[in-house]
Amino acid sequence: MSGFCLLAVLIAALVLVNWTWDIALLKQLLSVGPAMMPLTAITLIAVSASLWLLQKNGGPPGKVPLRAGFVLAAVITLVGVAALCEHVFHWNLGIDRLFFADRLEALKLASAGRPSYYMALAFICSEPRCCYWM
């Protein structure tokens, strides 16, 4: 599982590098679908970190990794619920504009920066694994 966590972090980090420095080569490599939003990339890094902290390596994790994993899981779930509420109830909580607000404004989209429905559901559903440690 560590390899998959590292791969997810690498992909999300490339997305953030592209948002930071606007590298044309990365845009060409990653242009097969819609652009990943910065909040989605940051939350994907948090999901990977949470799963990595909570994984078994011959035994249960220690207290500090366990607590850190649960805190990250709670934050991930809150981001997913907030993003889903923004879509369903047409709210604007502003969480999608926490990072790279100026670049997102340039896209001229009402929901620019907001994770998609699918990603919001994935963030909500990705963390029940944490209940395994309770």
Exercise. Would region 62-74 turn up any residue that is at pLDDT below 85 and part of a loop (DSSP other than H, G, I, E, B)?
Worked result: yes
For this session: Select from region 7-25 the residues that are exposed (fewer than 12 other Cβ atoms within 10 Å of the Cβ) and more than 14 Å from the chain's Cα centre (by Cα) and list them in ascending order.
Result: TRP21, ASP22, ALA24, LEU25
Seminar exercise, completed: Among (1) more than 14 Å from LEU39 (Cα to Cα); (2) surrounded by 12 or more Cβ atoms within 10 Å (Cβ to Cβ); (3) modelled with pLDDT under 85, HIS87 falls short only on (3)
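Say whether the condition of being part of a helix (DSSP H, G or I) and modelled with pLDDT of 80 or more is met by at least one residue in region 27-38. Lay out the reasoning, then the answer.
Of the residues in region 27-38, the ones part of a helix (DSSP H, G or I) are 27-29, 38.
Remaining after also requiring modelled with pLDDT of 80 or more: 38.
Yes; the residues of region 27-38 include at least one that is part of a helix (DSSP H, G or I) and modelled with pLDDT of 80 or more.
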Exercise. Here are some conditions: (1) touching a Gly at 6+ places or on another chain (Cβ under 9 Å); (2) buried (at least 18 other Cβ atoms within 10 Å of the Cβ); (3) modelled with pLDDT of 85 or more. ILE124 meets all but one. Which one does it not meet?
Worked result: (2)
Exercise. Within region 5-23, can you find the residues that are part of a helix (DSSP H, G or I), in contact with a helix residue (DSSP H, G or I) (Cβ under 8 Å, 6 or more places away or on another chain) and either within 13 Å of TRP52 (Cβ to Cβ) or without any contact (Cβ under 8 Å) to a residue 40 or more places away in the chain (or both)?
Worked result: CYS5, LEU6, ALA8, VAL9, ILE11, ALA12, ALA13, LEU14, VAL15, LEU16, VAL17, ASN18
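The values are calculated or read from the model by the stated rules, or taken from the named source; none is laboratory data. Worth saying up front: this structure is predicted, and the values here are computed from it rather than measured. With ideal geometry, Cβ positions are generated from the backbone for all residues, glycine too; neighbour counts draw on all protein chains shown.
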